[in-house]
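Single-structure report; data block below.
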Amino acid sequence: MVGIHEFRDFQRQVRLYNRKCFWPKLDSTIVIISSIVLTYLFKRFKAIIVIGVMLMYEEHVLKVIINSKYLVAFTGAGISAESGIPTFRGKDGLWSKYDPTKLASPWGFQENPKLVWEWYKWRMSMIMNAKPNPAHYTLALLEKMHILKSIITQNIDGLHQKAGSLNVIEIHGNIWKVKCTVCNYRSRLIEPPESVPPHCPKCGAILRPDVVWFGEPLPEDEWSRAIGEASRCDVMLVIGTSGVVMPAALIPNIAKSKGAIIVEINPETTPISEIADIKVPEPAGVFFSKIKSLLRTFQ
């Protein structure tokens, strides 16, 4: 863990670094306006962003991060794509190949629990072998430096925790958690079940993954915490989310309505792009590997 004295020394070094940045005299308002203009040009003309502009993004996103008072990250499937875990939407997404109503819904599970569990067993095997990428590790580092306060994630893969993050709010559940379809039994698996569907050791009923399926409400405690963090933050990093899954997609809008700066890291244009103050059109792992290198300068 980084102590408070080391962190204050870090902040002093950042202020010194800021004076040497590409735009040494610009305040945060101009940085945001400039980023909005660049984002518009990128979306309108599909412009190629040259290395110099990307360096500008890195430097100014770093400044926004370091100068934040309460930084929160909101992550989606895109952050885990570089770890080999497929996303759900888009041309190559899982939902372009599989029917979500049969594999990720209560009625699909009721109709064929064995099929649903075979799907989840396959995904568990894939996730078990996946490793966090630079985006996961950089967020964990920012938390250890007492800069990042929490991560709100739509992902169920547990890669944030595997990277070392502690304050993770899983609003869609966790693939390794199971619950009974009849009684109040809950547990956590350490590997995919040998036979499917697994049964409750307490009452004998079928177990189900403790994740949120289509048509189900979000877990009340996690959703309440997520709203609280979104309302409190002054900067939100929105990373790798399509911005279309409700009600999770409301999180950046809640933060924006409370005056937070929204930084979107996503190579795709999403509904969040419309409210983003800074848009970084790069994959999360690529961008955060550069941010992590810059952070090392001050450690």
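The values are calculated or read from the model by the stated rules, or taken from the named source; none is laboratory data. Every value quoted in this text rests on a predicted model; they were computed, and no experiment measured them. No Cβ is skipped: glycine too gets one built from the backbone with ideal geometry, and neighbour counts run over all protein chains shown.
Return the only residue of Ile272, Ile239, Ile265, Ile190 being surrounded by 15 or more Cβ atoms within 10 Å (Cβ to Cβ), more than 17 Å from Asn155 (Cα to Cα) and not small (Gly, Ala, Ser).
Exactly one residue qualifies, and that residue is Ile272.
Might you let me know whether region 223-232 holds any residue that is of a type in the set (Ser, Thr, Tyr), at pLDDT 90 or above and touching a Ser or Thr at 6+ places or on another chain (Cβ under 9 Å)?
Yes, region 223-232 contains at least one residue that is of a type in the set (Ser, Thr, Tyr), at pLDDT 90 or above and touching a Ser or Thr at 6+ places or on another chain (Cβ under 9 Å).
Output the residues belonging to region 249-274 that are under 24 Å from Leu218 (Cα atoms), aliphatic (A, V, I, L, M) and touching a residue at least 12 places away in the same chain (Cβ under 8 Å).
Ala249, Ile251, Ile254, Ala255, Ala260, Ile262, Ile272
Do you know which of the residues in region 219-236 that are more than 14 Å from Val168 (Cα to Cα) and under 15 Å from the mean Cα position of the chain (by Cα) is surrounded by the most Cβ atoms within 10 Å (Cβ to Cβ)?
Only one residue fits best here, namely Met236.
If you go through region 145-181, how many residues are loosely packed, with under 15 Cβ neighbours inside 10 Å and in contact with a strand residue (DSSP E or B) (Cβ under 8 Å, 6 or more places away or on another chain)?
The number of residues fulfilling the criteria is 1.
Please indicate, with yes or no, whether at least one residue in region 116-133 is buried (at least 20 other Cβ atoms within 10 Å of the Cβ) and modelled with pLDDT of 95 or more.
yes
Which ranges mark the strands (runs of 3 or more DSSP E) fully within region 127-216 that have 1 or more residues being in contact with a Cys (Cβ under 6 Å, 6 or more places away or on another chain)?
173-180, 207-211
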